[in-house]
Amino acid sequence: MSATDIRVLDFHIDNLGMAEALARIENLLAVRQAHQVITANALMLYSAQKDDKLKSVFDNASLVVPDSIGLLWAARILGHKLKERVAGIDLLYRLADISSRKGYSFYLLGAKPGVAEKAAVNLREKYPGLKIAGTHHGYFDVITETEVIAAVRKATPDILFVGLNVPFQEKWINTNLTALGVHVVIGIGGSFDVISGKIKRAPVAMQKIGLEWFWRLLLEPWRIKRIILLPVFIAQVYRQKWFGKGS
């Protein structure tokens, strides 16, 4: 285990603050190889307990940052302290700011038709000079998937943001990482909905106290199907604390 690596349910989380995570991503860009960045949350770790493919994705990712307050809480229960939450949407915004000045290009893949395109428009308005090499919605099937991958590869972006359903998103990135031909690929879940303006982000006060998940639940009640799994995750964390086992 490295000095910046914390284990939660036998999965590594990189203990980096936002500034350090941004620096690490820029280092990955300089290596000029394909790298996967996971913005991890509690439900991903829960799913990975019984999903060998997803566990392998975590093991092989170049960077895993704590997207949810649940991971900060779990690490603390296990006797560790993660520096801060590194939310996927905030990571995207910060990278957009850096890229508008340094010339890195983006590709946005995911969400319903039209959402990624609107997100791209809003990002260009917020960060003049930002290069967006292309966008594509996330409603493709196994037949059109090849065309989508080819389109991304042809656009040659420096960073690909993928907004698909979790944990399918992480496994899809891992499976297609080499074929995509992108140096850094980051999964950001439903962030395009917020960036595009389709969904309003939680007030800053709720973000600071870790209730952004509750805000999304109020706006999208269907998320209750995921939220009800959190007590199981909590039980797994305490089991690891007391018995040294995560499941």
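Only residues that are within 15 Å of Val237 (Cβ to Cβ) and either assigned to a helix (DSSP H, G or I) or of a type in the set (Lys, Arg) (or both): list them for region 16-46, please.
Ala42, Leu43, Met44, Leu45, Tyr46
Return the pair list, or none, for Cβ contacts closer than 9 Å from residues in region 166-182 that are free of Cβ contacts under 8 Å to residues at least 12 places away in the same chain to residues that are small (Gly, Ala, Ser), at least 6 apart or on different chains.
Final answer for the pair search is Trp172/Gly187.
Kindly establish whether Gln240 is in a helix (DSSP H, G or I), at pLDDT below 95 and touching a strand residue (DSSP E or B) at 6+ places or on another chain (Cβ under 9 Å).
In short, yes.
Give the residue that is surrounded by the fewest Cβ atoms within 10 Å (Cβ to Cβ), with candidates limited to residues of region 122-140 that are free of Cβ contacts under 8 Å to residues at least 40 places away in the same chain and in a helix (DSSP H, G or I).
The extreme case among them is Glu125.
State yes or no: is Ile13 within 27 Å of Thr156 (Cβ to Cβ) and either touching an Asp or Glu at 6+ places or on another chain (Cβ under 8 Å) or part of a helix (DSSP H, G or I) (or both)?
Here the answer is no, as Ile13 does not meet what is asked.
Suppose we keep only residues that are over 28 Å from Arg153 (Cβ atoms) and of a type in the set (Gly, Ala, Ser) within region 18-47. Which one would you say is surrounded by the fewest Cβ atoms within 10 Å (Cβ to Cβ)?
Only one residue tops the list, namely Ala19.
Go over the candidates Glu147, Glu125 one by one and state the one that is at pLDDT 95 or above, under 26 Å from Ala202 (Cβ atoms) and of a type in the set (Asp, Glu).
One residue alone meets the criteria, Glu125.
I'd like to verify a number: residues in region 94-121 that are under 20 Å from Gly197 (Cα atoms) and surrounded by fewer than 16 Cβ atoms within 10 Å (Cβ to Cβ), how many?
Of the residues in region 94-121, 5 are under 20 Å from Gly197 (Cα atoms) and surrounded by fewer than 16 Cβ atoms within 10 Å (Cβ to Cβ).
Working carefully through the options Glu125, Glu170, find the one that is of a type outside the set (Ser, Thr, Tyr) and closer than 30 Å to Arg7 by Cα.
None of the other options fit; the residue is Glu170.
Which one of these is at pLDDT 95 or above and not aliphatic (A, V, I, L, M): Pro157, Pro167, Pro231?
Pro157
Would you check which residues across region 47-71 are in a helix (DSSP H, G or I) and in contact with a helix residue (DSSP H, G or I) (Cβ under 9 Å, 6 or more places away or on another chain) and list them?
Ser47, Ala48, Lys53, Leu54, Lys55, Ser56, Val57, Phe58, Asn60, Ile69, Gly70, Leu71 - these are the residues of region 47-71 that are in a helix (DSSP H, G or I) and in contact with a helix residue (DSSP H, G or I) (Cβ under 9 Å, 6 or more places away or on another chain).
Before we move on, is Ala30 of a type outside the set (Val, Ile, Thr), without any contact (Cβ under 8 Å) to a residue 12 or more places away in the chain and farther than 25 Å from Val194 by Cβ?
It is true that Ala30 is of a type outside the set (Val, Ile, Thr), without any contact (Cβ under 8 Å) to a residue 12 or more places away in the chain and farther than 25 Å from Val194 by Cβ.
Any residue at all in region 163-184 that's of a type in the set (Lys, Arg), out of contact with any Phe, Trp or Tyr (no Cβ under 6 Å at 6 or more places or on another chain), part of a loop (DSSP other than H, G, I, E, B) and at negative phi?
Checking region 163-184: not a single residue is of a type in the set (Lys, Arg), out of contact with any Phe, Trp or Tyr (no Cβ under 6 Å at 6 or more places or on another chain), part of a loop (DSSP other than H, G, I, E, B) and at negative phi.
Could you tell me whether Leu160 is touching a Phe, Trp or Tyr at 6+ places or on another chain (Cβ under 8 Å), outside any helix (DSSP H, G or I), among the hydrophobic types (A, V, I, L, M, F, W, C) and touching a residue at least 40 places away in the same chain (Cβ under 8 Å)?
So Leu160 passes the test.
Give the residue, chosen from Ile6, Ile77, Ile98, that is over 17 Å from the mean Cα position of the chain (by Cα) and over 22 Å from Val232 (Cβ atoms).
Being over 17 Å from the mean Cα position of the chain (by Cα) and over 22 Å from Val232 (Cβ atoms) holds for just one of Ile6, Ile77, Ile98, which is Ile98.
The values are calculated or read from the model by the stated rules, or taken from the named source; none is laboratory data. Bear in mind the structure is a predicted one, so any value in this text is a computation, not a measurement. Cβ sites come from the backbone with ideal geometry, for glycine too, and all protein chains shown count toward neighbours.
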